[in-house]
């Protein structure tokens with residue numbers, strides 16, 4: 001019924017809430033984006049064994065633990081670097097990993113979203129986090145293993 005968006009509330013959800021309110025039913029609609037915080041840090045996600053060694057993934061996060069968070073152009077910081085790193089290593093995008101979510105990062109994310117068959121709006125949120133691939137790293141030295149996986 002609703003088209004999923006990467007971290008943003010759709011117009012359909014808001015119109016449905018208005019229709020319910022217009023029918024004499026009291027309803028409070030909370031936008032999904034408002035409930036999901038803005039990414040402001042990174043999280044080391046343990047991911048098990050690969051080639052006999054323990055591995056992990058770096059993911060954008062909120063307050064260092066909540067990996068469901070939103071980002072959009074204008075964001076900056078380590079959380080943006082984690083996303084940019086994934087776009088370079090897992091999708092071959094030629095962007096600078098500088099922690100600045102500008103037009104090049106947005107275009108690279110749109111490419112990755114299209115590759116994974118989700119809405120290619122260039123905004124990072126729950127659908128994008130669950131759909132794109134992340135670079136796997138060795139726990140012993142943080143080196144990239146050469147593989148990317150979805151979580």
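Residues checked against (1) closer than 18 Å to residue 101 by Cβ; (2) touching a residue at least 12 places away in the same chain (Cβ under 8 Å); (3) buried (at least 20 other Cβ atoms within 10 Å of the Cβ):
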| site | (1), (2), (3) |
| --- | --- |
| 40 | yes, yes, no |
| 45 | no, yes, no |
| 49 | no, no, no |
| 54 | no, yes, no |
| 58 | yes, yes, yes |
| 61 | yes, yes, yes |
| 68 | yes, yes, no |
| 75 | yes, yes, yes |
| 82 | yes, yes, yes |
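Here is a list: 70, 42, 94. Which entry is closer than 18 Å to residue 151 by Cα and modelled with pLDDT of 95 or more?
Values: 42 fails: modelled with pLDDT of 95 or more; 94 fails: closer than 18 Å to residue 151 by Cα.
Matching residue, one of 70, 42, 94: 70.
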Among the residues of the range 106-141, write down those that are crowded, with 18+ Cβ neighbours inside 10 Å and closer than 18 Å to residue 56 by Cβ. 129, 132, 133, 134, 135, 136, 137
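The values are calculated or read from the model by the stated rules, or taken from the named source; none is laboratory data. From a predicted model like this one, the values you see are computed outputs, not experimental measurements. As a convention, Cβ positions derive from the backbone with ideal geometry for all residues, glycine included, and neighbour counts pool all protein chains shown.
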